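J.: Quick one: the structure is below, and I'll ask about it shortly.
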């Protein structure tokens, strides 16, 4: 076969038609808008806290990294039911989606109880673990105090966050991406406005600093929850899965068991992956609080540039999952590869843009010059790796869409702890390597992960319909 013929055979698998891209746009654009607004406001929030001081910014960064573990546990806990809900939606089975909604409530409430138990029992110990041994005693005490004040208020926002995710994820799984975006954007602007009021004490509001930032965030989460819950129930004709959703807790035993069996690796994966990210920051923090502040700046800014591939990951989960649920494996396979091409290509552009802006963006922060310099260097590292991040992200959601949660567990969290965390710990505690090459060495491991992901997706081990075998048994879970 000639190279030209090979190209003609490969091209349809990698390049979609107009209908394909129209569907991608309808799913991705609302999520991109939501994530972009969210990350812009998060950046402004970060800058506002940074105006108060570097210690306050470091304290908020530490607490947010800890809360990130809870957030990812919610995502992971709901993802198992979400895989089934997406395929039920593809099969036009509203009752199946309803069962998944109930299962999400049970899982989310269990996660919420566990989070309260941990954060109320060990708040000081968790925050203090990020304070390097050589940190000035007064700075360490102040950072700990700011962190505890921020955490106490943020705990009030865990419930509305969980409820919003239950509804938003289910709406996306049935093809409604716009309303979660609207609810999130409204909540985000509430957060931004009250950040300004409460951090600096403007328009007659008290000047509360980091505590004000936490109050604004909690208020925005209740607003977001109210919008999305009221909308979903008001549109019950459009979303039949919500009708009678709370008349009982009935879930067929076989489905309940399958969700738990397939979902537990995702929950454990998200917990281990997010806690791995927290440990990575802790390893970086060995180099001092200035590094914590720089990592916070780099993370907040780079998240704004990652919105495209993060949003395309959602499209992979939805479009590939629905194709599998409709018993169209070839469409699922082509969809996965096409979305990977879109993701990597778009992130080459985003990477170039981030490299160009990396020297400038840290200057919007009111912090020390050397903190800005470190943050700029870290942003360049992230920019170089972004195309590979995007490819690995698509691989993860492709493997997950077919219910291969054991494989995704090995691919994601086992890789993080086995390689990334191990290398970071060794470099952090047993060498004096400066933070920038240290950070680059850890991030460069993503290249190995990309190779593994390519092999797994190419082999097609993820291609299967999982909802057919989960129907039929009508026992209560």
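J.: Let me have the relative contact order for the chain, percent, based on Cα pairs under 8 Å that are six or more residues apart.
T.: 24 percent
J.: Can you put 433, 57 in order of Cβ neighbours within 10 angstrom, beginning with the fewest?
T.: Working: 433 15, 57 29.
Lowest to highest Cβ neighbour count: 433, 57.
J.: Further, regarding this structure: To make sure I understand, if each residue's beta carbon is the centre and we count other beta carbons within 10 Å, what order do 273, 417, 337, 253 fall in, fewest to most?
T.: 253, 417, 337, 273
J.: Could you put 143, 36 in order, starting from the residue whose Cβ has the fewest other Cβ atoms within 10 Å?
T.: With the sparsest Cβ surroundings first, the list reads 36, 143.
J.: Please compute the length gained on full extension between residue 341 and residue 182, using 0.36 nm multiplied by the number of residues separating them and subtracting their Cα-Cα distance.
T.: 54.4 nm
J.: Next question. Return the whole-Å distance between the Cα centroid of the range 102-171 and the Cα centroid of the range 394-413.
T.: After rounding, the separation between the Cα centres reads 27 Å.
J.: Can I ask one more? Given a Förster radius of 30 Å and the C-beta distance between residue 454 and residue 433 as r, what FRET efficiency does 1/(1 + (r/R0)^6) yield to the nearest 0.05?
T.: E between residue 454 and residue 433, to the nearest 0.05, is 0.50.
J.: Multiply the residue gap between residue 257 and residue 51 by 0.36 nm, knock off their C-alpha separation, and tell me the result in nm, one decimal place.
T.: 69.2 nm
J.: Separate question: Using the beta-carbon distance between residue 152 and residue 248 and R0 = 45 Å, what value does 1/(1 + (r/R0)^6) give for FRET efficiency, to the nearest 0.05?
T.: Taking R0 as 45 Å, the efficiency between residue 152 and residue 248 is 0.80.
J.: Let me ask you something else. Can you tell me what percent of all Cα-Cα pairs in the range 47-119 are more than 15 Å apart?
T.: Working: 1682 of 2628 pairs.
So the pairs more than 15 Å apart make up 64 percent of the total in the range 47-119.
J.: What FRET efficiency comes out for residue 356 versus residue 444 if R0 is 35 angstrom and r is the Cβ-Cβ distance? Round to the nearest 0.05.
T.: 0.95
J.: Right, next: Let me make sure I get this right: for the range 152-194, a, b and c are the square roots of the gyration tensor eigenvalues over alpha carbons, sorted descending. Under 1.5 in a/c it's rounded, otherwise prolate if a/b > b/c, else oblate. Which is it?
T.: Taking the square roots of the gyration eigenvalues as a ≥ b ≥ c, the range 152-194 is oblate.
J.: At 7 Å along the Cα-to-beta-carbon direction for both residue 136 and residue 15, put a label point, then send me their distance in nm to one decimal.
T.: Between residue 136 and residue 15, the label points sit 6.0 nm apart.
J.: Helix-only estimate, please: 222 nm mean residue ellipticity of the chain, summing -39500 (n - 2.57) across DSSP H runs of length 4 or more and dividing by its residues, to the nearest 500.
T.: -26500 deg cm²/dmol
J.: Something else about it: If each of residue 40 and residue 95 carries a label point 7 Å out from its Cα toward its Cβ, how far apart are those two points in nm?
T.: Modelled inter-label distance: 4.6 nm.
J.: Moving on. Roughly what angle does helix 210-234 make with the longest principal axis of the chain, taking Cα atoms, 0 to 90 degrees, to the nearest 10?
T.: 20 degrees
J.: Now for a separate question. Using 0.36 nm per residue, how much length does the chain from residue 226 to residue 207 gain when fully extended, once their Cα-Cα distance is taken away?
T.: Working: separation 19, 0.36 × 19 = 6.84 nm, distance 2.73 nm.
Roughly 4.1 nm would be gained on extension.
J.: At 7 Å along Cα-to-Cβ for each site, give me the label-to-label distance between residue 268 and residue 326 in nm.
T.: Spacing of the two 7 Å Cα→Cβ label points: 3.5 nm.
Read-outs throughout are calculated quantities, based only on the coordinates presented, and are distinct from any laboratory measurement. Because the structure is predicted, anything quoted here is derived from the model rather than measured. Cβ sites come from the backbone with ideal geometry, for glycine too, and all protein chains shown count toward neighbours.
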